[in-house]
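First the structure, in the form of structure tokens, and then the observations on it.
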Amino acid sequence: MMRFPALIALALLAACSADPQATNNSATVAQAPVALLPLVIQTEKDVQRFTVEVAATPQQQEAGLMFRKSLADNGGMLFPMDPPRTASFWMKNTLIPLDMLFIRTDGTIAFIGANTVPYSREPVSAGVPVAAVLELRGGRAAELGIKEGDLVQWGGCAVPTEKVKTDLNFCPTPVS
């Protein structure tokens, strides 16, 4: 008589468990290979250089930096917006704090969402159309003196003396 309720309880427990295939798919999407690109930010005092991953496809953009346990000081992830649009990001399934830099079509930083909170579902947005969003390790923008209004370039424009094989060049001119 006790076996039947025990089997029902076991079946219910199995039904409530996470789908291991779905978990593996999420991790696989989050770790899908993405292109690397040179990126520079011209601050008031210096030029800061990075090598960033590019989340070009909708799947890469959806996964972003989810499930990452660390991010290199000179690393990050770039989310190009083509066409430019008002972008809103959140930190669902993101384990580490990030700085989110929202970049206008003229290459200037419109807004920095600094040290965003891991796992937060609170949207972060500049509230204006942007050409891209750059995610850096949380606190990195402040460490390097990166501020709103600084100029960002990537691809061949970031390193004009080097040959960069990419069609993801962003060469804005400074606004006077």
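ILE109 falls short of the stated requirement of being crowded, with 21+ Cβ neighbours inside 10 Å and assigned to a loop (DSSP other than H, G, I, E, B). Residues that are outside any strand (DSSP E or B) and either in contact (Cβ under 8 Å) with a residue 60 or more places away in the chain or farther than 17 Å from ALA63 by Cβ (or both) within segment 121-139 comprise GLU122, PRO123, GLY138, GLY139, listed in sequence order. Do you know which of the residues in segment 86-106 that are in a strand (DSSP E or B) and hydrophobic (A, V, I, L, M, F, W, C) is surrounded by the fewest Cβ atoms within 10 Å (Cβ to Cβ)? So, considering only residues that are in a strand (DSSP E or B) and hydrophobic (A, V, I, L, M, F, W, C), the one surrounded by the fewest Cβ atoms within 10 Å (Cβ to Cβ) is PHE89. Restricting segment 40-59 to residues that are part of a strand (DSSP E or B) and farther than 16 Å from ARG137 by Cα, which is least open to solvent (accessible area, probe 1.4 Å)? The qualifying residue least open to solvent (accessible area, probe 1.4 Å) is VAL47.
Hey, does segment 76-85 have a residue that's open to solvent by 30 Å² or more (accessible area, probe 1.4 Å) and part of a loop (DSSP other than H, G, I, E, B)? No, there is no match, as no residue in segment 76-85 is open to solvent by 30 Å² or more (accessible area, probe 1.4 Å) and part of a loop (DSSP other than H, G, I, E, B). Scanning segment 150-163 finds no residues that are out of contact with any strand residue (DSSP E or B) (no Cβ under 7 Å at 6 or more places or on another chain), more than 15 Å from ALA35 (Cβ to Cβ) and small (Gly, Ala, Ser).
Scan segment 149-170 for residues that are without any contact (Cβ under 8 Å) to a residue 40 or more places away in the chain and assigned to a loop (DSSP other than H, G, I, E, B) and the total you get is 6. For segment 72-79, the criterion of being within 11 Å of the chain's Cα centre (by Cα), over 17 Å from ARG137 (Cβ atoms) and not aliphatic (A, V, I, L, M) is met by none of the residues.
Inspect all residues belonging to segment 61-72 and state whether any of them is polar (S, T, N, Q), open to solvent by 10 Å² or more (accessible area, probe 1.4 Å), modelled with pLDDT under 95 and not in a loop (DSSP other than H, G, I, E, B). Yes: one or more hits. Per this entry, PRO129 is counted among residues that are surrounded by fewer than 19 Cβ atoms within 10 Å (Cβ to Cβ), in contact with a Pro (Cβ under 6 Å, 6 or more places away or on another chain) and over 17 Å from VAL40 (Cβ atoms).
The values are calculated or read from the model by the stated rules, or taken from the named source; none is laboratory data. Here the structure is a predicted model, which is why all the values come from computation and not from measurement. Note that each Cβ is placed from the backbone with ideal geometry, even for glycine, and that neighbours are counted across all protein chains shown. To get the accessible areas, we keep the full protein, side chains included, count just its heavy atoms, and leave off ligands, DNA and RNA. Shrake-Rupley method; radii C 1.70, N 1.55, O 1.52, S 1.80 Å.
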